[in-house]
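First up is the structure itself, then whatever we jot down about it.
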Amino acid sequence: MNEGSPARHELNELGEFGLIDRIRQKARLKVPNILKGIGDDAAVWDVGDHYELISTDLLVEGVHFDLAYAPLQHIGYKAVASNVSDIAAMNGTPTHIVVGLGLSNRFSVEAVDALYSGIHAACENYQVDLVGGDTSSSAAGLIISVSVIGRVEEHRVAYRSGLCPNDILCVTGDLGAAFAGLQVLQREKEVFLANPNAQPDLEKYEYCVGRQLKPEARMDIVHELKDMNLVPTSMIDVSDGLASELMHLSTQSNVGVKIFEDKLPIDHQTYDIALEFKLDPVTFALNGGEDYELLFSIRQSDFEKVKNHPDIHFIGHALAQTDQRVMVTKAGIEIPLQAQGWTHFKK
Ligand code: ADP
Ligand code: MG
């Protein structure tokens, strides 16, 4: 190395979370009404009679989607749904989106129309207005950046940092299906590349493939919690995998977590796919990602309100011991939870 040349550190030394933390440490908040900056699913600021929320997500071709199997319409839908999911994770309601597009000349007008038909379908479904964006050429394929604005009543906001010892950990829907769907799609792509006449047989995997290609944000749960007059003590959406999201709740709330393997909601199709690939379905649930379900916590005293909900599952509870983050296996053994998440830069 040349004397005096600045030190160079590789991104993979830090990983995604380390990098975000480094950015956060240097971000000084200046505007007085900001309540939450970097570190939650959305930023929060006080506008008087309610809180406003903002969040953004970036989808990059070849990283987040593959045009060999993902229809543009679905990509547009997913770009909006994944953003809405971050507003849902604050217990809020989305109101507006803006869309940034990077396009190469590989794409036709019809392709952009298809992408926007998905964006509009999601806007309709989640009742949000598309109010702006930006368009650029791109040398690296398709890039879609969606930012979403939302709102939440002051007393209903749910942060990652509100988990308390003994709170019950709840998760909606089922976990690992989107990852299972991705395995199938990637396999079918390989089969197709080897033999272009091969017809993909996706029917028996329809549920999981659908969960990968066209996920839904759980706004239904946000509305139901409100109807039940229940405010979660903490909440996060499951975009990187349950283990990773549990670690976020644990570190930001300074409490431990204990979950039970036999309580994890896993669809039978996810099981079947995992076994077909000779992989562990529990790993799919813990580290799969892109489920866009909600992980939240409630006080024990609120359990009565939700105990019979068919789509909310009780997977464990929070502990006073901060450094305890464990899963009790079906054999009754406690193993430490490990967050893999999408460590983009870690190879
Ligand atoms: P999520 O999975 O909920 O979308 P992320 O893990 O992407 O959340 O981000 C965690 C937090 O870090 C969020 O508050 C997000 O706004 C912030 N963040 C992510 N990337 C950047 C960045 N490049 N600059 C500033 N803040 C960022
Ligand atoms: Mg999130």
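The values are calculated or read from the model by the stated rules, or taken from the named source; none is laboratory data. Since this is a predicted model, take the numbers as computed values, not measurements. Here the Cβ is made from the backbone with ideal geometry for all residues, glycine too, and neighbour counts use every protein chain on show. The protein model used for the area step is the full one, side chains on, heavy atoms only, and it has no ligands, DNA or RNA in it. Shrake-Rupley method; radii C 1.70, N 1.55, O 1.52, S 1.80 Å.
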> Scanning for something over 25 Å from I236 (Cα atoms), touching a residue at least 24 places away in the same chain (Cβ under 8 Å) and away from ligand 1 (no atom under 12 Å from the Cβ), does the stretch 35-48 turn up at least one residue?
Replying inline: no
>> Only one of E16, E3 is modelled with pLDDT under 95, charged (D, E, K, R), more than 16 Å from ligand 1 (Cβ to nearest atom) and not assigned by TED's automatic domain parsing to the domain that holds S244. Can you tell me which?
In response: E3
> Among the strands (runs of 3 or more DSSP E) contained in the stretch 138-256, which hold 1 or more residues that are more than 18 Å from D267 (Cα to Cα) and within 14 Å of ligand 2 (Cβ to nearest atom)?
Replying inline: 143-152, 234-238
> Within the stretch 5-53, restricting attention to residues that are among the aliphatic types (A, V, I, L, M), within 13 Å of ligand 2 (Cβ to nearest atom) and not in a strand (DSSP E or B), which residue is surrounded by the fewest Cβ atoms within 10 Å (Cβ to Cβ)?
Replying inline: I20
>> Can you tell me which residue is least open to solvent (accessible area, probe 1.4 Å) among those in the stretch 292-323 that are among the charged types (D, E, K, R) and free of Cβ contacts under 8 Å to residues at least 40 places away in the same chain?
In response: K307
>> Taking the condition of being assigned to a loop (DSSP other than H, G, I, E, B) and surrounded by fewer than 17 Cβ atoms within 10 Å (Cβ to Cβ), how many residues in the stretch 115-137 meet it?
In response: 1
>> One residue is enough: does the stretch 58-65 have a residue meeting the conditions within 21 Å of D240 (Cβ to Cβ), acidic (D, E), in a strand (DSSP E or B) and within 16 Å of ligand 2 (Cβ to nearest atom)?
In response: no
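Listed here are the residues, each with its yes/no results for (1) of a type outside the set (A, V, I, L, M, F, W, C); (2) open to solvent by 10 Å² or more (accessible area, probe 1.4 Å); (3) touching a residue at least 60 places away in the same chain (Cβ under 8 Å).
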site: S234; (1), (2), (3): yes, no, yes
site: D240; (1), (2), (3): yes, yes, yes
site: A243; (1), (2), (3): no, no, yes
site: H248; (1), (2), (3): yes, yes, yes
site: V257; (1), (2), (3): no, no, yes
site: K263; (1), (2), (3): yes, yes, no
site: I266; (1), (2), (3): no, yes, yes
site: D272; (1), (2), (3): yes, yes, no
site: K278; (1), (2), (3): yes, yes, no
>> Anything in the stretch 54-109 that is of a type in the set (V, I, T), open to solvent by 20 Å² or more (accessible area, probe 1.4 Å) and either away from ligand 1 (no atom under 16 Å from the Cβ) or free of Cβ contacts under 8 Å to residues at least 40 places away in the same chain (or both)? List them, or say none.
In response: T93, T95, V109
